[in-house]
1. Being part of a helix (DSSP H, G or I), modelled with pLDDT under 90 and buried (at least 21 other Cβ atoms within 10 Å of the Cβ) is the requirement here; does Ala191 meet it?
2. Hey, among the residues in region 250-268 that are out of contact with any strand residue (DSSP E or B) (no Cβ under 9 Å at 6 or more places or on another chain), in contact (Cβ under 8 Å) with a residue 40 or more places away in the chain and part of a helix (DSSP H, G or I), which one's nearest to Asn39 (Cα to Cα)?
3. Of all the residues that make up region 50-73, how many are over 23 Å from Leu242 (Cα atoms) and surrounded by 12 or more Cβ atoms within 10 Å (Cβ to Cβ)?
4. For the structure I just gave you, tell me whether Arg74 is basic (Lys, Arg) and closer than 30 Å to Leu235 by Cα.
5. Would you check if Asp143 is over 27 Å from the mean Cα position of the chain (by Cα) and either part of a helix (DSSP H, G or I) or over 22 Å from Leu235 (Cα atoms) (or both)?
6. Which residue is surrounded by the most Cβ atoms within 10 Å (Cβ to Cβ), if the candidates are limited to region 220-247 and must be within 30 Å of Ala97 (Cα to Cα) and without any contact (Cβ under 8 Å) to a residue 60 or more places away in the chain?
7. Identify, from the list Phe99, Phe106, the residue that is part of a loop (DSSP other than H, G, I, E, B) and more than 13 Å from Met224 (Cβ to Cβ).
8. Residues in region 93-108: is at least one of a type in the set (Lys, Arg) and free of Cβ contacts under 8 Å to residues at least 12 places away in the same chain?
Amino acid sequence: MIRSLPRSKTYDFSFNCFIVLYFIFLFAPLVVTCVLAFNDSNFPSLPWQGFSLDWFVADGPDRVGLFHDDQNLRAIMTSFKTAFFVSILSVVVGTCASFLFEQEEFRFKGVLYFLMLAPLVIPGVILGISLLLAANTAGTYFDMNFGIDVELFRPSFWLVVVGQFSFITTFVTLVVSARLRKFDHSLEEAALNLGATQLGVIWHITLKFLRPAIIGAGAVAFLMSFENFNTTLFLVGSEPTLPINLYLQVRDGSTPVINAVSLLLIVGTSLMALANFYFTKRGE
């Protein structure tokens, strides 16, 4: 709609109602989940039974709060470790790939770029199954021919890292490449003419320009890895990540401790998003 044209009161009212209803639809489930984390009930649902912090701090025989729940704490730590390694690997490889795809003389760039985008359009379930079958096939081959049991080829922590890395790297590459296209390469040429080394130019000029995109892509990669479920479900071993652990608890029946976990995740991801926004704006 053209902004300069006059708008009727009916349009303004309908537009405002749509905005309000949209945000209610978006945030109401999150608000209910956060409120139920303090519900003095043994079930993670309404009705409201009174305010209680038991699902955070309780350590009794009847109730076990989140801070004393070893299973959920281990799952949170596993998710943090997985997201840390995935984000570091994705940022390093994705940044290098963005440099590669920006080279004009790079042969077969179109084909490889298409292959790089493939993991983003393939459903996570299919990707997880494919990685599991490929890993099992490779593990069987090494075991039968060389008598070597490679842990990476079995459902395990590192197979989850590799599986998530396979598609999160694509996202990092796209974000960094978009920033790299805005870079003025005459700055690199000027630095080289003044005697700087190629490595010094990349470190002090190019990467400094890319820093906001790298930080933002790394933060989003961390969050994507932390909350990933579809691919991780097929690759996880004896160390379940938090989404897998929550799924198992909901399937088998859980207490409101699951609401406490959700509240901490909402607060943590919101703070991380705000920090990412602040440092990105500061870098720009």
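The values are calculated or read from the model by the stated rules, or taken from the named source; none is laboratory data. This structure is a prediction, so every number in the text was calculated from the model and none was measured. Virtual Cβ from ideal backbone geometry, glycine too; neighbours counted across all protein chains shown.
1. So Ala191 fails the test.
2. Checking each candidate, the answer is Ala260.
3. So the count comes out to 1.
4. Yes, satisfied.
5. The answer is yes for Asp143.
6. My answer is Val220.
7. After applying the criteria, what remains is Phe106.
8. Yes, the conditions are met somewhere in region 93-108.
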